[in-house]
Amino acid sequence: MSRMDYPANIQDMIDDFAFLDDWEDRYMHLIDLGKSLSPLPDGTQTEANKVKGCASQVWLVSQEKDGIRHFLGDSDAHIVKGLVAITIEIFSGRSAAEIAALDANEILSKLGLAEHLSAQRSNGLASMIARIKAEAAA
C-alpha cells in the first residue's frame, strides 16, 4: 500500500511517529500508547486468550459484529503493551478482507519500530499479528 492507501487512523499513527526525532522519543510514545489501552473485561485474561510465542504475557480478545472485527488486548510489560496498542490500532474495526490486505510489517517499518525491537519482541509481535489474521480469516 502506498501512503494514500492507508486508513486515516494508520496514517495518523505513522505521522505521529515520523514527528518524533529519535528512538528514545518513539519508545516513550510507545509506552504512552500502551497506557491508553482500555482494560480487558474481567475474566478475559485466560489461557485461551493468551498469545503464544510472546516472552511477556499478552492477551488478545477478538469479537466480531456485523462482519467487523474488534480487538482488545493487554500485556504485563510496558513496551509490549504499547505494541499491543499499535497492533489493535492497525487491525481493530476492520473486515476480514481489510485485515488480510493490511501489511503490518510495512506499517511497522514506516513507524520506525521494526529495526529497534529485540528479536524476542519482534517474534511476539509477529505472533500477535498472525493470531489476528488467523482469527479474521476463520
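In the stretch 108-131, the condition of being within 28 Å of L20 (Cβ to Cβ), touching an Asp or Glu at 6+ places or on another chain (Cβ under 7 Å) and modelled with pLDDT of 90 or more is met by no residue. The test for being assigned to a helix (DSSP H, G or I) and over 21 Å from M28 (Cα atoms) does not hold for E115.
Please verify whether the stretch 71-94 includes one or more residues that are in a loop (DSSP other than H, G, I, E, B) and out of contact with any His (no Cβ under 9 Å at 6 or more places or on another chain). For the stretch 71-94, residues in a loop (DSSP other than H, G, I, E, B) and out of contact with any His (no Cβ under 9 Å at 6 or more places or on another chain): present. When S127, S122, S75 are checked against the criterion of being under 26 Å from M28 (Cα atoms) and in contact (Cβ under 8 Å) with a residue 60 or more places away in the chain, S127 stands alone in meeting it.
Being in a helix (DSSP H, G or I), over 16 Å from E135 (Cα atoms) and at pLDDT 90 or above is the requirement here; does D25 meet it? Taking the combined requirement at face value, the residue does not satisfy it.
Candidates are the residues of the stretch 59-87 that are surrounded by fewer than 21 Cβ atoms within 10 Å (Cβ to Cβ) and among the hydrophobic types (A, V, I, L, M, F, W, C); the one that is nearest to the chain's Cα centre (by Cα) is L72. Scan the stretch 45-52 and tell me whether some residue there is out of contact with any strand residue (DSSP E or B) (no Cβ under 6 Å at 6 or more places or on another chain), of a type in the set (D, E), surrounded by fewer than 16 Cβ atoms within 10 Å (Cβ to Cβ) and part of a loop (DSSP other than H, G, I, E, B). Yes, because at least one residue in the stretch 45-52 is out of contact with any strand residue (DSSP E or B) (no Cβ under 6 Å at 6 or more places or on another chain), of a type in the set (D, E), surrounded by fewer than 16 Cβ atoms within 10 Å (Cβ to Cβ) and part of a loop (DSSP other than H, G, I, E, B).
Considering only residues that are of a type outside the set (G, A, S) and over 14 Å from L111 (Cα atoms), look in the stretch 1-22 and name the one that is modelled with the highest pLDDT.
We begin by selecting, within the stretch 1-22, every residue of a type outside the set (G, A, S); these are 1, 3-7, 9-17, 19-22.
Retained after the next criterion (residues that are over 14 Å from L111 (Cα atoms)): 1, 4-5, 7.
Numbers: M1: 42, M4: 51, D5: 78, P7: 89.
Only one residue fits best here, namely P7.
Restricting the stretch 42-59 to residues that are out of contact with any Ser or Thr (no Cβ under 8 Å at 6 or more places or on another chain) and of a type in the set (A, V, I, L, M) leaves a set whose member that is modelled with the lowest pLDDT is A55.
L37 fulfils the conditions (1) surrounded by 14 or more Cβ atoms within 10 Å (Cβ to Cβ); (2) under 20 Å from K133 (Cβ atoms); (3) touching a residue at least 24 places away in the same chain (Cβ under 8 Å); (4) in contact with a Lys or Arg (Cβ under 9 Å, 6 or more places away or on another chain) except for a single criterion, (2).
The values are calculated or read from the model by the stated rules, or taken from the named source; none is laboratory data. Only a predicted model underlies this, so the values are computations on that prediction, with no experimental measurement involved. Glycine also receives a Cβ, built like all others from the backbone with ideal geometry; neighbour counts cover every protein chain displayed.
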